[in-house]
1. Is there a residue being away from the ligand (no atom under 12 Å from the Cβ), of a type in the set (Phe, Trp, Tyr), within 30 Å of Arg352 (Cα to Cα) and touching a residue at least 24 places away in the same chain (Cβ under 8 Å) anywhere in the range 218-227?
2. Quick check: anything in the range 75-84 modelled with pLDDT under 95 and open to solvent by 70 Å² or more (accessible area, probe 1.4 Å)?
3. Provide a single number: the residues in the range 307-355 that are among the small types (Gly, Ala, Ser) and in a loop (DSSP other than H, G, I, E, B).
4. Scan the range 250-279 residue by residue and report those that are within 12 Å of the ligand (Cβ to nearest atom), more than 24 Å from Thr144 (Cβ to Cβ) and touching a residue at least 60 places away in the same chain (Cβ under 8 Å).
5. Those residues that are within 16 Å of the ligand (Cβ to nearest atom) and open to solvent by less than 50 Å² (accessible area, probe 1.4 Å), I need them from the range 295-304; list them, please.
6. Of the conditions (1) assigned to a loop (DSSP other than H, G, I, E, B); (2) open to solvent by less than 50 Å² (accessible area, probe 1.4 Å); (3) under 18 Å from Ala233 (Cα atoms), Phe156 clears all except one; give me its number.
7. Could you look through the range 163-184, keep only residues that are closer than 17 Å to Ala239 by Cβ and not hydroxyl-bearing (Ser, Thr, Tyr), and pick out the one that is farthest from the ligand (Cβ to nearest atom)?
8. For the range 85-138, name all the residues that are among the acidic types (Asp, Glu) and either within 30 Å of Leu179 (Cα to Cα) or surrounded by 13 or more Cβ atoms within 10 Å (Cβ to Cβ) (or both).
Amino acid sequence: MIEERTGAGRDGALSPQALYDETYENYKRFINPPLARLMKLSGSPVEVRASGTTIFDHDGKAYLDFAGGYGVFTLGHAHPRVVAAVKSQLDAMALSGKTMFDPLVGRLARKLAELTPGDLSISFFANSGTEAVEGALKLARAATGRAKIVAAHDGFHGKTLGALSASGSPEYRLPFAPLVAPVEHVPYGDTSALAVALVDAAAFIVEPVQGEGGVNVPAPGYLAQARALCDAAGALLIADEVQTGLGRCGYWFACERDGVVPDILVLAKGLSGGVMPIGAYIARPELWDAAYGRSPLLHTSTFGGSPLAAAAALAALEVLHDEDLIANARARGAQLLRGAQRVAQAFPSVVREVRGLGLLVGVELRAEGYAGTIVPEMLKRGVTAAWTLNRRRVIRLEPPLTVRASEVERALDALQAALGAAYDKLGFLGD
Ligand SMILES: Cc1ncc(COP(=O)(O)O)c(C=O)c1O
């Protein structure tokens, strides 16, 4: 029996401790018991509100958000222009009636066609990254008439069955086998293996920088070579920019680092400025025609393409441009990368390497065990950070693109203290 609760408002009807207890209990009993226990052990508080780069917990303590919702909060939390756009659209119409044209959804697709490289121009809107990846994989199959998908080891594309099949972590895939076949995985960065795998493939799906795989930045030219190999094999190139896109890596789209135009580009996370869920793929028109030109209802979504998400995304894209956030991502990213490398030099037995591009920075530890101490120690010092899903010995630092130089320094101080605390507590754990 679920107890009746009264006055359990989000913001103040309960004492801070009672709010924590109630929330933890609900997670432990009704959401994900083992994860709830793990989060409690890691010292995770209850989030209550957030603004800019800061999240406030149930006790009113402020945290600089360097986990950034795993890349969602490119504009920080609750950017006023995005919130205002959403509030005003909420009064007009929230979800699409689906039987009529929607002006905002149309404008968003047009804007994405203008912003994305080359002739990418037809958008499909979904509600998450994994859904957008599903759409991209289906489009590739239908357009080419081929089934095989090539993907990279350690890549991450989402957790629905199709996207999971392309993801590179056996840990997440194996319990659900058999997955969607045929998918072949090749080492990230290895163009010889890619050339072999691409025979008869519909597409190669790849992240321009692997996020969840441990912030792996390929050598410049990798994507350009992959583009050439796909062309030679008659396969499509799908750039999964769910995490790297929209300024995160210091480019509008990280594939621009190599001057590459993919056939399909996938976006989600930051697209609506951290206020509404959204996902999208943007494709070359001839692919869309080949796949769906005669059957336009083959791939659809009830909630995808809502006016509310479109209003948020249009405002978010304007803010990215008007506040020059991509330049800030480059400048603050360079500061964060250099700073973390400097801090790490004092702890060679804890940190193996610090790497990144723009404001996606990974701290690779010598043993996974350190991460379980470093992330909570940073949290104690008022900074959130997170490990990467496919490589838990890599801690990611992924703050909003609005982050200021002084906030980067505060995060670096917290990292330094946390590395020290981890070494004091655990000593040398080996490689
Ligand atoms: C590169 C990439 N693709 C796809 C996804 C899946 O997105 P979502 O969690 O919104 O389904 C993620 C999520 O981290 C991602 O990083």
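The values are calculated or read from the model by the stated rules, or taken from the named source; none is laboratory data. A quick note: this is a predicted structure, and the numbers were derived from the prediction, not measured. Neighbour counts are summed over all protein chains in view; Cβ atoms, including those assigned to glycine, are modelled from backbone coordinates with ideal geometry. Surface areas here come from the heavy atoms of the whole protein model, side chains and all, with no ligands, DNA or RNA. Shrake-Rupley method; radii C 1.70, N 1.55, O 1.52, S 1.80 Å.
1. Looking for residues that are away from the ligand (no atom under 12 Å from the Cβ), of a type in the set (Phe, Trp, Tyr), within 30 Å of Arg352 (Cα to Cα) and touching a residue at least 24 places away in the same chain (Cβ under 8 Å), one finds at least one in the range 218-227, hence yes.
2. No, the range 75-84 contains no residue that is modelled with pLDDT under 95 and open to solvent by 70 Å² or more (accessible area, probe 1.4 Å).
3. Qualifying residue count, the range 307-355: 2.
4. Listed by number, the residues that qualify are Ala254, Lys269, Gly270, Ser272, Pro277, Ile278.
5. Listed by number, the residues that qualify are Ser301, Gly304.
6. The one condition Phe156 does not meet is (3).
7. The residue in question is Gly168.
8. Here is the first cut: in the range 85-138, the residues among the acidic types (Asp, Glu) are 91, 102, 114, 119, 131, 134.
Asp102, Asp119, Glu131, Glu134 - these are the residues of the range 85-138 that are among the acidic types (Asp, Glu) and either within 30 Å of Leu179 (Cα to Cα) or surrounded by 13 or more Cβ atoms within 10 Å (Cβ to Cβ) (or both).
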